Amino acid sequence: MVFSSYFFLFYFLPAALLGYYLIPGRGKHLMLTLFSYLFYGWSNPAFVLLLLFSTVVDYICGLVISGIRPWGQEVEVALPENRRHTPAQKWAVTISILTNLSLLGFFKYFNFAVGSWDALIASWGLDSWMVDTALKVTLPLGISFYTFQSMSYTIDVYRGHARPLKNFIDFACYVSMFPQLVAGPIIRYAEVSEQLRSRSHTFAKFARGVAFLSLGLTKKIWLANPCGKIADVVFLADARTAIDAWYGVIAYAFQIYFDFSAYSDMAIGLGLMLGFVFPKNFNAPYRAISITDFWRRWHISLSSWLRDYLYIPLGGNRKGEVRTYVNLMLVMLLGGLWHGASWNFVIWGGLHGLFLASERKWHDSGFTRLVPRPLQMGVTFGLVLLTWVFFRAESLPSAWAYLQSMAGVGTTHSADNLIAGLIYQPFYVGAMFIAAVVTWRGPQTWDWTRSLPGWKLVISLLLFGVSVTLLAAQAYNPFIYFIF
């Protein structure tokens, strides 16, 4: 079930909101949990069992770490420096981490590992060593998001950064909330722990939520979908001119930004309508003046998660220059794998790690201070575009062929005229132009909705109405991050 569908907007969402607001008190969490499980199991009910298993394991581990019983009193958790962790607490957090990573590893990387092994063995001529298995593992929707989210609970409680939950329904509600369940943002437990205990439901919150939902749907329907159509045509072509190749990768850059930021906007808006305030997930990333700045602005919930739960525990920048570069590379390689089980994603992450390490070296030398800001922004966007080629291409050979096209050395043929006739239609060119204006000159949804006078609310509702109308005419309506 996707947010940009008639069924979600006019059946599921009204029913969920009605049920949520009709149920008093703490029963709201039970109602929200039930609707979230319905949302998650819509495409495959078996996935619900996996989500429930992860939830139960982390809930029990949280109880062990906190030292409370479900029927006991809630306790204030001492900070780590004021106490020593017991062996049971250490085992509990270890079990939580290993369970979540094992689930993620098996369901997301089994097929990739077997395929990579078989390809390696075949290249050596040792066909008898190939893995003979008929098992093909189906990737559960959103497993990359909810395993990270659930794992953050036990880690935050273990570190003393948040109070544990003694009520299982409250915890299940946190893990499964449908607004951000399958495509983020990754909501860390410490960010909403107190909201799970008490939060306000106001008209101002609800109105801002409606505005977020409307603007997110507008970005998805008006910009992400048309740009995605351009990108698909160009990337799937057997050959393309250099101009078409650059046009196609810019279209993909717009598609993935407006697609994912639209989903994040809609998730934040739905959260506000339920009384929750989720953190900001995008902040004009293509206005970044460096790759370091880009990762402060792009998918903020993931980059901050990797920083706080992986980069800093590895030592961050506290163990010398070489170790800092190694940590950056390792984190970004794992970040690439988190996005998908493919060598393309590993290369994508590795390139970002290389850029981050290089920038750190240049920044320390003072070199970047000599470069004008517009040039820094242009170079950064160009580097991001090169990495997006690996992110979008279906294989390494096709990524290499696309880069050759961008360099003007790929082969072309008469079919290029057909591609041009498809991607340079006024509708698509107009969508690209509007996407560029919004990307570099438009206000951010988070900032635009801080205050909502009547005229802004009217504009939001009008945009929602037009977007819903356009939705009927669009057969192309994917959410990219559903596959991650």
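The values are calculated or read from the model by the stated rules, or taken from the named source; none is laboratory data. Source: prediction; values computed, not measured. Using ideal geometry, Cβ is built from the backbone for each residue, glycine included, and neighbour counts are taken over all protein chains shown.
Some observations on this one:
- Residues of region 149-195 that are hydrophobic (A, V, I, L, M, F, W, C), closer than 15 Å to N100 by Cβ and in a helix (DSSP H, G or I): M151, I155, V157, F171, V175.
- Looking only at region 136-148, and only at residues there that are in a helix (DSSP H, G or I) and polar (S, T, N, Q), the one that is surrounded by the fewest Cβ atoms within 10 Å (Cβ to Cβ): S144
- Selection within region 1-32 - closer than 25 Å to K219 by Cα, touching a residue at least 40 places away in the same chain (Cβ under 8 Å) and assigned to a helix (DSSP H, G or I): Y6, L9, L13, A16, L17
- Looking at L375, L403, just one residue is at pLDDT 90 or above and touching a Gly at 6+ places or on another chain (Cβ under 9 Å), and that residue is L403.
- When region 254-271 is limited to residues that are under 12 Å from the mean Cα position of the chain (by Cα) and among the polar types (S, T, N, Q), the one that is surrounded by the fewest Cβ atoms within 10 Å (Cβ to Cβ) turns out to be S261.
- If the condition is being buried (at least 16 other Cβ atoms within 10 Å of the Cβ) and modelled with pLDDT of 90 or more, then region 1-16 contributes F8, L9, F12, L13, A16.
- Counting only helices (runs of 4 or more DSSP H) that sit completely within region 413-484, those holding 1 or more residues that are out of contact with any Leu (no Cβ under 8 Å at 6 or more places or on another chain), modelled with pLDDT of 90 or more and surrounded by 15 or more Cβ atoms within 10 Å (Cβ to Cβ) correspond to 426-441, 445-448, 454-471.
- Test for A251: is it without any contact (Cβ under 8 Å) to a residue 60 or more places away in the chain and buried (at least 23 other Cβ atoms within 10 Å of the Cβ): no
- Residue match in region 261-269 (condition: hydrophobic (A, V, I, L, M, F, W, C) and within 23 Å of V389 (Cβ to Cβ)): yes
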